[in-house]
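Student: Attaching a single structure in structure tokens format; questions to follow.
Laboratory data are not the source of any read-out in this text; all were calculated from the coordinates shown. These numbers come from a predicted model, not from an experiment. A quick note on method: Cβ atoms are made from the backbone with ideal geometry, for glycine too, and the neighbour counts reach across all protein chains shown.
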Amino acid sequence: MQSPGISMTLRPFTVVWDPRFRDYDFGPGHPFDEASRESAVRLFESSLTPEEQATVGWQRSIEPAPAPTLLTFHEEGYLSFVRAASGSSRVTILDSPDTPLFPGCFPASARIVAGTEWAVRHVIDRAGVVFAPAGGLHHAAPGRASGFCIFNDVAIGIAAALEARQRVAYVDIDVHHGDGVMYGFYRHGRVLDVDFHQDGRTLFPGTGRVTEVGEGDGAGLKVNIPLPPGAGDEALVPLARRILPSLTEEFRPDVWVIQHGLDGHWGDPLAQLQYTPHGYAEVDRLLLDLSARWGGRVVVTGGGGYLARSVSRVLARVGRQFGGLETISDDAVLPEAWRVAFEDAFGSPAPVQWVDPPELYESPWSRAREEHLVRELENALGRRFPAP
Ligand SMILES: [Zn+2]
């Protein structure tokens, strides 16, 4: 065991996981499913000591969100379309072959929405941190599915916080730009949206340019940090430390909604960034520190991630860190029962230890590129981000 992940007073911590979240399943061969997130929850749970178990609350039963909740972000016509497709016995493809509508997709998607919405309402009522790894479906737009996302649970969670008169900091570290959330609140002055992602010129969905800064009341509150393929911790961590503190100190959020996609992890098959578990841990430490100063209320959703051996282990570590639990050393051996279940679920050899040595190729990132990107951000946002 190493030093504790965070040094502050322990905040109440709850995990939201209903086994029926697994119903959100596009079928064999599709890259997205909830299996690796479930594997992460199992690993998180099996890593808890008896003393730690007493500090973790669980919400294990979530009913699908009703239509009025879905309508806080989505359009009525789109709900009707998804409902009809959900009741069909066949897979329906409209304009988004990445995101087919499958039998039962309406309740499956609405249950994930309800998990994230429950998490947001819980932290507003009781403070603390909720880990909701099934959520993070940040691409869905009001009137259409996109990028494996049918309903946008994070946007609906943010809408619930706004209805409760909260100011929301949305931080998205998924490798893909969170377009559904950003455009959904583009003119909104009570949503600060900070999105680190692989440059849209090289990756779906193509959006998230530095110059997209919001409009109207939202002007200056939408912050996009695009990174070139090959960039990793050496880009993410210093930029997060440079940009997040002054933005959040000025904005003073009441609630934090984090989209903690793990598809920026090195080796992910759908993208080309090279974050490591240590880079994620540094950013998470920063988010914990900042959220303790501003608001104290945090919801951490899962998001993307397409390499089960990375997602399961890193997301379990993310849960431990946000739960204020000790960091398990990299070379600690994973529980045997969990490894057997992993091999059953994924049909591939399970990892042996918590963190593998990273296999990285040369990064194109440099201090000069950081300064260049910061200048672009400063020009677009009309503010300064001095080097710490
Ligand atoms: Zn993603």
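Student: Please find, among VAL314, VAL374, the residue that is outside any loop (DSSP other than H, G, I, E, B), within 16 Å of the ligand (Cβ to nearest atom), within 24 Å of the chain's Cα centre (by Cα) and touching a residue at least 24 places away in the same chain (Cβ under 8 Å).
Tutor: VAL314
Student: Another question, if that's okay. Does TYR306 satisfy the condition of being part of a loop (DSSP other than H, G, I, E, B) and either more than 16 Å from the ligand (Cβ to nearest atom) or within 24 Å of ALA155 (Cβ to Cβ) (or both)?
Tutor: Criteria met by TYR306.
Student: Identify, from the list SER109, SER146, the residue that is surrounded by fewer than 21 Cβ atoms within 10 Å (Cβ to Cβ), over 20 Å from LEU287 (Cα atoms) and in contact with a helix residue (DSSP H, G or I) (Cβ under 8 Å, 6 or more places away or on another chain).
Tutor: Selected residue: SER146, the only one of SER109, SER146 that is surrounded by fewer than 21 Cβ atoms within 10 Å (Cβ to Cβ), over 20 Å from LEU287 (Cα atoms) and in contact with a helix residue (DSSP H, G or I) (Cβ under 8 Å, 6 or more places away or on another chain).
Student: So, one more: Those residues that are of a type in the set (A, V, I, L, M), over 30 Å from SER291 (Cβ atoms) and surrounded by 14 or more Cβ atoms within 10 Å (Cβ to Cβ), I need them from region 314-348; list them, please.
Tutor: Scanning region 314-348 gives ALA341, ALA345.
Student: Another question, if that's okay. Just to verify a result, which residue in region 317-344, among those that are over 19 Å from ASP263 (Cβ atoms) and of a type in the set (Gly, Ala, Ser), is farthest from the chain's Cα centre (by Cα)?
Tutor: ALA337
Student: So which of PRO364, PRO351 ends up being surrounded by 15 or more Cβ atoms within 10 Å (Cβ to Cβ) and assigned to a loop (DSSP other than H, G, I, E, B)?
Tutor: PRO351
Student: Just for strands (runs of 3 or more DSSP E) wholly inside region 122-238: which have at least 1 residues that are within 14 Å of the ligand (Cβ to nearest atom)?
Tutor: Filter on region 122-238 gives 168-172, 191-198, 222-227.
Student: Could you give me the residue pairs with C-beta distances under 8 Å whose first residue belongs to region 298-310 and is at negative phi, whose second residue is within 12 Å of the ligand (Cβ to nearest atom) and among the charged types (D, E, K, R) wherever it lies, and which are 6+ apart or on separate chains?
Tutor: GLY304/ASP174; GLY304/ASP263; TYR306/ASP263; TYR306/ASP268; LEU307/ASP268; SER310/ASP268
Student: I need every pair where a residue in region 245-262 that is in contact (Cβ under 8 Å) with a residue 40 or more places away in the chain has its Cβ under 7 Å from the Cβ of a residue that is among the basic types (Lys, Arg) and surrounded by 24 or more Cβ atoms within 10 Å (Cβ to Cβ), sequence separation at least 6 or different chains.
Tutor: ASP254/ARG297; VAL255/ARG297; TRP256/ARG297
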